[in-house]
1. Suppose each label sits 7 Å from its Cα in the direction of the beta carbon; what would the F108-I7 distance come out to in nanometres?
2. At what distance in nm do the modelled label points of D151 and N127 sit from each other, each positioned 7 Å from its Cα along Cα→Cβ?
3. Report, in listed order, any pair from K106/K182; K113/K150; K101/K150 with a Cα-Cα distance greater than 24 Å.
4. Kindly state, to the nearest 0.05, the FRET efficiency for Y80 paired with T180, given R0 = 25 Å and r defined as their beta-carbon distance.
5. Cβ under 9 Å from C142's Cβ, C142 left aside: what net charge do those residues give with Lys, Arg +1 and Asp, Glu -1?
6. What does the charge add up to near H52, with Lys and Arg as +1, Asp and Glu as -1, over the other residues with Cβ less than 13 Å from its Cβ?
7. For region 65-122, which GluC sites (Glu not before Pro) pass both filters: DSSP loop (anything but H, G, I, E, B) and at most 13 other C-beta atoms within 10 Å?
8. Using DSSP to call loops (not H, G, I, E or B), can you name the chymotrypsin sites (Phe, Trp or Tyr not before Pro) in region 86-127 whose Cβ has at most 15 other Cβ atoms within 10 angstrom?
Amino acid sequence: LCNISEINHVNPGSNVTTIQIKYGYECVVRDCNIDDNGSYSVLCFDTCLACHVDNVCIQQKFANAEMLYSYLIALLNSSYCTVENSYLYNKDWHCVSTGDKYLCYKNFINNTKMYSELQFGYLDHENTLGTVVTNCSASGICVSGLGTIKDCIITSNVGTYKACLIRLNAMSDKALASYTIKNVRLLPPANANGTYVGIWIAASPQTTGTS
């Protein structure tokens, strides 16, 4: 158990993690304002359960050519965690991501702005199920099986994913290839000229139950 709050104006170097919590249970990070300079991850939960992020502002204002990838908040091998009431800006990579070697199940992202100039604001990696994204504004959202996107505004990201606004990840198990998208507003890029994809179902023909 831990409670971290009121961390302001931290500017770490590259290839580091500002805050890492491993094997945490019901840990809380709140009321922080962090400027990032291309770290691997600013806030990392590794193998955690029921942890909570509230009212956190993290901004990566400058790209770092040395970094292959950079996540502002990483939920690795973690389940039932919540990120809410936050503002996240990552110049080149994703704002929030899940996944890794073990199952990430039922994480919640609520009332959070997640913007990247080149990538999805929110991204489910491998071994992720049941993510729920609600009342968010994001530059693209990617969820895996049993994922829910509800009451969101999704804007364009015109980089690697060719202005794909929503991506539904492939699932090998037919029973898990189910998604819910409800009351979502899609805002394509003004200069797309029809080249963007609103919802990309990156799955096999077995995908069923998507509503």
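Computed from the coordinates by the stated procedures, all read-outs in this text should not be read as laboratory data. A quick note: this is a predicted structure, and the numbers were derived from the prediction, not measured. Quick reminder, even Gly has a Cβ in these numbers, built from the backbone with ideal geometry, and neighbours come from all protein chains shown.
1. Spacing of the two 7 Å Cα→Cβ label points: 2.3 nm.
2. 3.3 nm
3. Check vs 24 Å cut-off fails for K101/K150.
4. That pair, Y80 with T180, gives E of 0.85.
5. With Lys, Arg at +1 and Asp, Glu at -1, the neighbours total 0.
6. Working: positive: R30; negative: E26, D31, D54, E84.
Once all neighbours under 13 Å are counted, the net charge is -3.
7. Hits after loop and neighbour filter: E66.
8. Values: sites: Y87, Y89, W93, Y102, Y105, F108, Y115, F120, Y122; in loops: W93, Y102, F120.
Those that pass, being in a loop and sparsely packed, are Y102.
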